[in-house]
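Read the structure below first, then the notes.
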Amino acid sequence: MPFTFRRVTAATLFSLLFSLFSFTAANAAVGPGDLIKLPDDGNLETTVDSAVYYHGTDGKRYAFPNSQSYFTWYADFNGVKTVTAAEMAALPLGGNITYRPGTRLVKITSDPNVYAVEPGGTLRWVQSEAVANALFGAEWNKRIDDIPDAFFFSYSIGEPLAAAVYPDGTVVKRSSDNAYFLIEDRNKRKISSAAVKTALRVQEKFVITTASALADYPDGPDIIAAEPAITDTAQKNLVVMPSIPTFTVRTPPTAFFAVGNDATLLELRIASLKAVTVKRLTIKLDA
């Protein structure tokens, strides 16, 4: 198929990519969850026919601010459907699409802070390089994308990420058994099969591999199929889970303690998305 070349600016590059790689039938049946665009108008000087939107479950269409945000949700342009101008106009604009949670780190040019993205476009400031290294590896800075200042209003600011706790939406691969887990509300939810991983549109390049047993993350329900709260690109199907602190007690790996040395008798751990106050802690030792 011959291509006609034209002068392309950075502002139109993303739209042109859709023009080159999206070949879908006009008037295809569309509904919530679909990617949609207008038919090609045959004019190489226009880009309105190349813009792609996400059809939200609320009957609105949502725009991708740039290619970086698009490719956190989709690996390619397959599945983009063409609609008429009247069908497109019937779907009012609902806003901009934010980065998929747990994929890239983001910042804006006017602010040196680096943020992890959680569901609903919530940003959590990664407070230290130590935390970034522990969660995302030594090359964590290669995961950072700059968000244009004009699109920063699409996000909201959440609690800072002060400790090495995976943000919600992160997909983690446990190296000991190659099991995949989605971190959700401080729990780990096992992705039950490769088919489910595909249905969730999980891209391997965003998965974090860890040698940890992930014992600090209580087991949540397995993910056995695609769930709207996870796959909805517009993030309008979010399920707000109650933040219930988890309390775990760990015993030492050995019962032998050397005389004169410090020894760990018990480890008491509290995991919570919000601040927790321990008002009373009673320890009884029988010896």
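The values are calculated or read from the model by the stated rules, or taken from the named source; none is laboratory data. From a predicted model like this one, the values you see are computed outputs, not experimental measurements. All Cβ positions, even for glycine, are placed from backbone atoms using ideal geometry, and neighbour counts span all protein chains on display. Side chains are part of the model used for accessible areas, which takes the heavy atoms of the whole protein and leaves out ligands, DNA and RNA. Shrake-Rupley method; radii C 1.70, N 1.55, O 1.52, S 1.80 Å.
Among what's in the range 44-71 and is among the charged types (D, E, K, R) and in contact with a Pro (Cβ under 9 Å, 6 or more places away or on another chain), pick the residue that is least open to solvent (accessible area, probe 1.4 Å). Going through the qualifying residues, I end up with Asp49. A single entry from Ala211, Ala199, Ala194, Ala132 fulfils the requirement of being surrounded by fewer than 20 Cβ atoms within 10 Å (Cβ to Cβ), farther than 29 Å from Asp34 by Cα and not β-branched (Val, Ile, Thr): Ala211.
On the given criteria, is Ala150 open to solvent by 50 Å² or more (accessible area, probe 1.4 Å) and at pLDDT 95 or above?
Considered against the rule, which asks whether it is open to solvent by 50 Å² or more (accessible area, probe 1.4 Å) and at pLDDT 95 or above, Ala150 comes out as no.
Applying the set (1) open to solvent by 60 Å² or more (accessible area, probe 1.4 Å); (2) modelled with pLDDT of 95 or more; (3) among the small types (Gly, Ala, Ser) to Ser110 leaves exactly one unmet item: (2).
Of all residues in the range 78-95, those satisfying the criterion of being surrounded by 17 or more Cβ atoms within 10 Å (Cβ to Cβ) and under 17 Å from Val48 (Cβ atoms) are Val80, Lys81, Thr82, Val83, Met88, Leu91.
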